[in-house]
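I have placed the structure first, in the form of C-alpha cells, so that the comments after it can refer back to it.
The values are calculated or read from the model by the stated rules, or taken from the named source; none is laboratory data. Computed from a predicted structure; not experimentally measured. Cβ atoms come from the backbone with ideal geometry, glycine included; neighbour counts cover every protein chain shown. Heavy atoms of the whole protein, side chains included, go into the accessibility calculation; ligands, DNA and RNA do not. Shrake-Rupley method; radii C 1.70, N 1.55, O 1.52, S 1.80 Å.
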Amino acid sequence: MLLPPDTDVLVVANPGTGKTWEIADTVIGLLKNGVPGQRIACLTFTNRAAREMFDRIMQMAAGDTSLLQSIYSMDIGTMHSLAFRMDEESTPDDLVSNSLLRFLIFRKLRELKTFNYSDDYVKSDIVPRFENMIRYIKSFGIYPQDINSEKVLEIIRDKLVDQEDDQIGVDGYERLLHDFTEIYAFYEDYKKGHRMVDYNDILHNYLIQIDAPVKDYVLVDEFQDLSREQVSLAERIATRRFFVGDRKQSIFGFQGGSLSQFNEFISRQGYSKVTKKINRRSTNNILNYSSRLLESRISDGSISSELQGFHNPEKGDGEKVTVITADEPESAAVNALTDMLNRGITGDYAIIVRTNTQLARIHKLLSSTGLQFSSTLTKGRPSDQLNEVMSFLRGILLPGRDYLKRALFTPFSGLSFHEAVEISEKLHNSQDEAIIPSRISDLRGMNTGIEVVRTALDQVIIPISVSLGQEYFSAASSIYSASADYLNNVTEFQPEDYLDFLDMSVLDQEEDLKKSQINILTVHKAKGQEFHNVIYIPSHTNGRLKFLDLLSYAIVSSITGIDVESDLRDEPYRIDYVAMTRARERLIVVTDRRTWKEFYLDDKICQIVENHTQSDFSLVRKYDAAYSMFVNGRTEDAAKIIREDRDWIRRRISQYFSNLTELSPSLVKLAASPWDFLHENILGIREQRQSAATGIEFHRLAEQYTTGRVNASEIPDALSGMIGAIDQIIASMPGKYARKPWKTETRFSIPLREFLVMDHIPPDMIMKGTIDAIFSAQDGSSHLILDYKTSRDIKSEYWQQIWSYCRLFSASTGTDPASIQGAIAYVNLRGPVNSGTPESELIIREFSDLNRQSRTVTEGILKVLQFREDPEMFIQLLLSRKPQRDLDMRLAGLLD
C-alpha cells in the first residue's frame with residue numbers, strides 16, 4: 001500500500017485480513033521509492049510479532065538484493081527495544097526481573113500486614129495483581145509521588161455509591177491506597193539504589209529526551225494494544241505514521257493498552273482511514289459466529305460498521321461451530337482433540353484457554369495421553385510438580401519436622417512409600433537424626449544454604465526430573481533458573497527468603513509457542529496465530545479481588561481524567577473473539593453447564609453437544625520411586641520396589657481399617673474426601689499450613705486465657721486481636737451462663753453404639769472428641785457447647801461438628817438434650833484488607849435444631865464402617881476420584 005502524500009494512515013484490520021502483509025507491502029513500497037531503511041521504524045507489541053514482520057518483509061522483497069541492505073538497516077522491533085537502542089548509553093545495565101519485582105512486593109506486603117489472607121494466597125493471587133497494578137499505572141507515566149490520596153478516595157466514594165457488593169469499604173480503600181503507594185515507592189527506590197530499570201522506565205526515559213523526530217516513517221502493528229506512552233512515542237518518533245490495529249482485538253488493557261485512545265484516532269482529523277474486510281483465514285461460519293457473538297455482548301455499537309461485509313470469498317460456510325457443554329471442560333477439550341485425531345481430521349490443532357491454571361490442567365491431561373504437543377507453559381501457577389520440588393527443598397533447608405516429613409514423600413527422597421511412612425512415624429516419636437535418610441541428612445548437614453541448593457539441584461532434583469517427564473523437568477528447570485536469579489540479587493543467602501523468591505518465580509509465565517501439530521496456549525499468546533482446528537475453553541474471573549481493579553482505575557482517573565474502567569469493561573468478550581478467530585476450518589467452544597447458553601446462538605451456524613466424560617488418569621506414573629532410588633545409588637532396591645510398594649500400600653490400607661476402633665468428628669468428615677483421608681489418617685502425610693498452625697496456637701492460648709492461667713498482656717501480638725475477641729464472645733453470651741467456662745479442652749469418649757443408636761454397630765467402636773469450651777448456667781440447668789473457629793470457610797461442616805460434640809456431651813454425662821445448646825464462636829472475622837482488629841460473632845442453636853446435621857454425620861460413620869468391613873471399597877472409591885496432586889497420581893499408579 002502506498003502512503004497518501006499528505007496524511008497519516010490508520011488501518012482497521014479485522015481478523016485474518018493481513019495486518020502484517022499490509023505493513024510489509026507498505027515498507028517495500030517506501031524502499032522502492034528511495035526511502036533509506038534507516039529512516040523507517042516498524043514497531044509492534046512482542047518480539048515474536050517483530051520477527052514475523054521482518055520475515056514477511058524479507059519474503060516480499062522476493063530476492064531483490066538491492067533492498068536487502070535497506071531492510072537490514074531498518075529498526076524492526078518492539079517499542080521498548082527501540083527506546084533502549086536509542087538511549088542505550090544512559091540506561092543502567094540491569095533489568096528488573098518479574099521474580100524480583102514480585103519478591104519485593106511480597107516482602108513489603110508481609111511487613112505492612114496489608115491483607116488478612118494466608119501467605120500462600122498472597123503469593124499466588126495478590127502479588128501478581130499488585131505487579132500488574134504497578135505496571136499498569138506506570139504505563140500512564142504515573143509515579144508514586146504523583147498519587148493524590150484525597151482525589152483517589154473521592155473517586156472511589158463516588159464509585160461505591162453504585163456498588164452493592166463493596167468488599168472493603170472506604171476505610172479499607174484508604175489503607176490499601178496507603179500501602180500500595182508505599183510499596184510502589186519502595187520498588188522505585190530499590191531500583192535507583194541498585195541501578196536497575198524496568199521496561200516502563202526505558203520507554204519513559206526516552207520519551208523525556210525526544211525533542212524532534214528521528215525517523216521519516218513509523219509503521220505500527222497491533223496499535224489497539226499500545227499504552228498511552230507507547231502511542232506518544234509512535235507519534236513523536238517520526239514525521240509520517242502508518243498505524244494498523246483493530247479495537248475488537250484489544251486484549252492487553254491490563255498492561256495499559258488504551259481502547260479509548262484507539263477510538264480517538266478513528267475520529268481524528270489528518271488520518272486516512274481504511275477498513276480491511278476480506279478475510280483469508282476462516283470459514284464464514286466461524287466468522288459469522290464470532291462476529292455475531294461479539295456484537296450481542298459488547299457495549300460499543302459502532303463496531304457493526306466494521307463487521308458489515310466481513311467475509312472470506314475463498315471459502316464457503318464450512319462446518320458448524322460446535323459448542324460442547326461439560327462438567328469438566330478441560331477433560332472434554334482433550335477428548336474432542338483425540339476424537340478429531342482418531343477421525344483423521346487433517347491440519348494442526350490448538351487448545352486455547354484463558355488462564356495459566358487452565359493451561360496447566362490441559363498440560364497434565366495431554367501428558368497422560370502420551371501425545372506429543374507444544375505448549376507455551378514454562379512456569380505455571382504452583383503445579384503439582386513444582387510443589388514436589390519445593391517440598392523437597394523445604395525439607396532440606398528448614399528446621400521444622402513437618403517440612404522434613406513431607407520431603408520424604410517426594411520422588412527426590414530416594415525412598416519407597418512404605419519407607420517414607422515408616423521413617424515419618426519414627427520422626428514423630430523421636431528426635432534422633434540418625435533415622436533420616438543419608439541423602440537428606442547429608443544435604444541438611446552442609447555448611448551453607450547455597451551449597452545445599454546447588455548440590456540438591458545438580459545431583460538429585462535435575463537428574464530425577466529428567467526421568468519423570470516434561471512437567472517435572474520444566475518445574476526443575478524453572479527452579480534452577482530462579483535460583484540463579486535469586487543469587488544474583490542478594491548478598492546473603494536466607495533460606496526463607498530464597499523459598500519465597502522461588503514461589504514468586506513460578507507464577508503465570510509463558511514462552512512463545514514453537515508450533516507443532518498439537519498446541520496448547522493462552523489467548524494472549526495466540527494473538528497473531530492461526531490453526532486449522534481450534535478448541536477454545538472460555539473462563540471468567542470470580543471478581544474476588546475486584547477492589548484492586550477499582551483502586552487502579554481510581555488512581556489513573558484521578559491524574560489523567562480517563563475513564564479506564566469503560567476501556568476494560570468488554571475486554572473478556574474481546575478475548576473470546578480473538579480466540580475464536582484463530583480458527584481456520586473448525587471451531588469448538590467448550591463451556592461448563594452453567595454458561596453454555598451464552599455461547600449458543602442458533603442451529604444454523606452452531607450445534608450443541610453434551611459431554612459426560614471425566615478425566616482419565618490411567619497412565620499414572622508407577623516408576624518414580626524406583627528411578628529415584630537408582631539415581632541415589634540404590635540399584636538393587638530399585639529393581640524390586642514397584643511390586644513391594646504395590647503390596648505394601650494395599651496392606652497399609654487394610655491394616656488401618658482392621659485396627660480402627662476409634663472415630664472422631666474430624667475423621668468422619670474426611671470420609672467424603674478419600675485422598676485427604678488416605679494422606680492424613682492412613683499415611684500420616686500432613687501439609688504444613690499457616691492457618692492450621694495459627695489455629696492450634698490460638699486454641700492453646702484460648703484455653704489458658706479463659707481459665708485465668710495467662711492474662712492479656714502475656715498474649716503474643718499476632719494473636720492478641722483474636723484473644724481480645726474472646727472477651728466480646730463471652731460478653732455476648734446469654735446472661736444465664738457463667739462468664740468463666742465450666743470445662744475447657746475436654747475429651748469425651750463413648751461407645752459408638754451410644755453415640756449412634758443403630759443395629760449392627762460393632763461393639764468395639766468408640767466415638768471421641770475434644771470440646772473447646774463448655775459454659776454452664778449458674779443453676780446447672782443448661783449447658784452451652786462452644787467451638788472456636790478462626791474462619792468461616794466451611795459452615796456446614798462446622799455445624800456437623802457441633803452436633804457431634806453436643807451428642808457426645810449428652811451421652812457421656814446423661815444430660816437432657818433439651819438443656820443443651822451448641823455454639824460457634826468466630827474469633828477472627830476479617831475483611832480482605834487488614835483493619836487491625838478482628839471482629840467476632842457468636843451463633844447459638846438449640847440441640848434440637850441441630851438434629852438435621854445428624855444425617856450427614858451418620859452417613860460418614862456408616863461409610864467408614866463399610867471401609868472397615870471391606871477396605872477394597874475404600875480403594876475403589878479412591879480410584880474413582882480424580883487425583884488432584886502429583887503424590888496422589890503416584891499412589892494411584894500403585895493401587896490401580
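By DSSP, the beta bridges lying fully in the chain are antiparallel in about 25 percent of cases. Annotation note: trypsin sites (Lys or Arg not before Pro) in the stretch 738-839 located in DSSP loop regions with a Cβ neighbour count of at most 12 within 10 Å are R739, R792. Taking all protein chains together and rolling a 1.4 Å probe, V757 ends up with roughly 120 Å² accessible. Got a sec? Charge dipole of the chain, +1 on Cβ for Lys and Arg, -1 for Asp and Glu; which of A482, I537, I303 is way out at the positive end? Positive-most Cα among the choices belongs to I537. Once you order the gyration tensor axes a ≥ b ≥ c over the Cα atoms, which shape class does the stretch 169-293 get: rounded for a/c under 1.5, otherwise prolate or oblate by comparing a/b with b/c? In terms of gyration-tensor shape, oblate. Dividing the mean sequence gap of close Cα pairs (under 8 Å, 6+ apart) by how many residues the chain holds gives a relative contact order of 15 percent. In straight-distance terms, cross-link reach from K768 covers every one of the lysines whose alpha-carbon lies under 19 Å from its own, apart from those fewer than eight places away in the same chain; here that gives K669, K743, K863. Between the C-alpha center of the stretch 758-781 and that of the stretch 354-414 there is a gap of 42 Å.
The lysines whose alpha-carbon is closer than 28 Å to the alpha-carbon of K320, local same-chain residues fewer than 8 away aside, are K19, K248, K276, K277, K515, K525, K527, K597, K604.
The magnitude of the dipole of the stretch 94-194, with charges of +1 and -1 set on the Cβ of Lys/Arg and Asp/Glu and taken from the Cα centre, is near 540 debye.
If only the Cβ of Lys and Arg carry +1 and only the Cβ of Asp and Glu carry -1, the dipole of the chain around its Cα centre is close to 1260 debye. What number, in percent, do you get for the relative contact order of the stretch 94-194 if the mean sequence gap of Cα pairs under 8 Å and at least 6 apart is divided by its residue count? Here the relative contact order equals 39 percent.
Accessible area per residue for the chain, computed on protein heavy atoms with a 1.4 Å probe, is 43 Å². Available extension along the chain between S118 and A818 is 248.0 nm, counting 0.36 nm per residue and deducting the alpha carbon span.
With kT/(6 pi eta Rh) evaluated at 20 °C and eta = 1.002 mPa s, and Rh the Kirkwood radius from Cα pairs, the chain diffuses with a coefficient of 69 µm²/s according to Stokes-Einstein. Here K736 is the anchor, and the lysines within straight C-alpha reach of less than 24 Å, apart from those fewer than 8 places off in the same chain, are K789. In terms of its alpha-carbon gyration tensor, the stretch 744-871 comes out oblate; a/c meets the 1.5 threshold, while b/c is at least as large as a/b. Rounded, prolate or oblate, given the Cα gyration tensor of the stretch 94-194, with a/c below 1.5 counting as rounded? Verdict is oblate for the stretch 94-194. Just the protein heavy atoms count here, and of the accessible area of the chain at 1.4 Å, carbon and sulfur take up 46 percent.
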